[in-house]
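Structure first, then comments.
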Amino acid sequence: MVPVYSHSRISTFENCPRQFYYRYVEKRPVETEGIEAFVGKRVHEVLERLNRFVERGQVPSLGKVIARFRALWDETFQPERVRIVRAENPPESYRESGERCLTNHYRRHYPFDRDESLGIEQHVSFSLDAEGRYRMQGIIDRIARAPDGAVEIHDYKTGRWVPTQQALDQDRQLALYQIGLAARYGDTPMRLVWHYLLRDQTRVSTRTPEQLDELRAATATRIDQIEAEQSFDPRPSNLCGWCEFRDVCPAVTGTEPEPLAADAAPAATAPRAGVRPIATDAPARPADQLRLL
Ligand code: SF4
């Protein structure tokens with residue numbers, strides 16, 4: 001069967017092959033999630049609900065939106081399952097940041113009539129090549145038709161960090177979605193739109209056909225590299241603080257964990273010589289990976 005990749009899956013490999021192995025090859029069960037991912041999921045759920053109401057011509061009040069977020073938080077927050085790396089920050093501060101994301105978004109876009117909704121939480125599945133060898137999938141937060149007729153691919157971010165315009169002009173995720181939507185929207189101009197909710201900032205970028213061709217080729221090459229990978233070495237970094245596998249990772253513990261099953265072991269499981277336990281403090285920032293595909 002042809003494996004199906006996603007931006008998130010490829011990014012995981014690029015950040016740390018061992019994390020990729022545990023998450024996607026071995027599928028090691030995880031019992032906790034980082035508070036940043038937890039907040040991101042709750043905000044996305046509320047925004048999806050808000051967007052569906054708006055699509056039906058019903059705009060709920062900001063009070064109702066925030067009440068929904070609080071109710072969802074109370075229903076799903078389990079202190080023993082949610083990891084807080086920055087221990088100096090109480091859970092309430094993260095809850096407030098989620099509320100701020102929603103409030104900023106609501107105030108900026110109310111009454112939500114600037115564009116026409118074409119899709120909410122849209123699953124896209126496509127091939128990078130004509131032969132269907134490089135299969136990709138993803139979930140687009142929202143697709144909309146702007147007043148000038150362009151199709152916009154919207155993405156909501158809940159982290160603090162806002163990348164530079166230069167970085168966004170090179171960003172892979174939304175550009176891949178544009179490739180995935182090409183068959184649906186033909187030659188209609190498309191824009192990539194990021195909403196940095198906590199910072200109340202919006203960024204826009206576009207791609208030329210040549211850039212999309214380059215992206216296709218580069219992504220296919222990266223998939224070939226992943227498919228050929230044998231050792232899945234750990235790659236310690238500041239992101240280890242947020243890694244759900246740090247309790248078993250040899251870069252942290254100094255020893256290889258037991259494989260989950262005999263046939264699930266990587267081709268080379270012995271820790272690399274020179275892989276030392278890493279410092280656990282002062283991580284830079286978590287990956288903004290909200291939904292793993
Ligand atoms: S703890 Fe760090 S090195 Fe180990 S799997 Fe996670 S990200 Fe990779």
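All told, residue 14 meets the bar of being among the acidic types (Asp, Glu), within 14 Å of the ligand (Cβ to nearest atom) and surrounded by fewer than 24 Cβ atoms within 10 Å (Cβ to Cβ).
Of all residues in segment 91-123, those being buried (at least 16 other Cβ atoms within 10 Å of the Cβ) and under 13 Å from residue 73 (Cβ atoms) number 7. Just the residues that are touching a residue at least 60 places away in the same chain (Cβ under 8 Å) and assigned to a helix (DSSP H, G or I), please, taken from segment 51-103. The answer is 51, 52, 54, 55, 97, 98, 100, 101, 102. Contact map, segment 10-22: first residue under 18 Å from residue 136 (Cα atoms), second residue within 8 Å of the ligand (Cβ to nearest atom), Cβ cut-off under 6 Å, separation 6 or more or different chains; pairs are 12/19. Annotation: residue 117 fulfils all but one of (1) under 21 Å from residue 8 (Cβ atoms); (2) in contact with a strand residue (DSSP E or B) (Cβ under 9 Å, 6 or more places away or on another chain); (3) touching a residue at least 60 places away in the same chain (Cβ under 8 Å); (4) not in a helix (DSSP H, G or I); the unmet one is (1).
For residue 28, the criteria (1) away from the ligand (no atom under 14 Å from the Cβ); (2) within 18 Å of residue 242 (Cβ to Cβ); (3) part of a loop (DSSP other than H, G, I, E, B) hold in every case but one, which is (1).
When segment 37-65 is limited to residues that are in contact with an Asp or Glu (Cβ under 8 Å, 6 or more places away or on another chain) and buried (at least 17 other Cβ atoms within 10 Å of the Cβ), the one that is nearest to residue 111 (Cα to Cα) turns out to be 47. Flag: residue 21 matches the condition of being buried (at least 21 other Cβ atoms within 10 Å of the Cβ), within 16 Å of the ligand (Cβ to nearest atom) and among the hydroxyl-bearing types (Ser, Thr, Tyr).
Regarding residue 120, is this residue of a type in the set (A, V, I, L, M) and in the same structural domain as residue 158 (by TED's automatic domain parsing)? Here the answer is yes, as residue 120 does meet what is asked. Tell me, yes or no, whether segment 33-41 has at least one residue that is within 27 Å of residue 136 (Cβ to Cβ) and among the aromatic types (Phe, Trp, Tyr). Within segment 33-41 (the criterion being within 27 Å of residue 136 (Cβ to Cβ) and among the aromatic types (Phe, Trp, Tyr)), the answer is yes, since at least one residue qualifies. Applying the condition of being hydrophobic (A, V, I, L, M, F, W, C) and either outside the structural domain of residue 143 (by TED's automatic domain parsing) or crowded, with 19+ Cβ neighbours inside 10 Å (or both) to segment 177-192 and asking which residue is nearest to residue 6 (Cα to Cα) yields 179.
Scanning segment 187-239 for residues that are within 19 Å of residue 25 (Cα to Cα) and among the aromatic types (Phe, Trp, Tyr) turns up just one, 232.
Just to verify a result, which residue in segment 226-250, among those that are polar (S, T, N, Q) and in contact (Cβ under 8 Å) with a residue 40 or more places away in the chain, is farthest from the ligand (Cβ to nearest atom)?
231
Which one is farthest from the ligand (Cβ to nearest atom) among residues in segment 251-260 that are free of Cβ contacts under 8 Å to residues at least 40 places away in the same chain and not in a loop (DSSP other than H, G, I, E, B)?
Per the criteria, the residue is 253.
The values are calculated or read from the model by the stated rules, or taken from the named source; none is laboratory data. Keep in mind the model is a prediction, meaning the values are calculated, not measured. Note: ideal-geometry Cβ built from the backbone for every residue, glycine included; neighbour counts use all protein chains shown.
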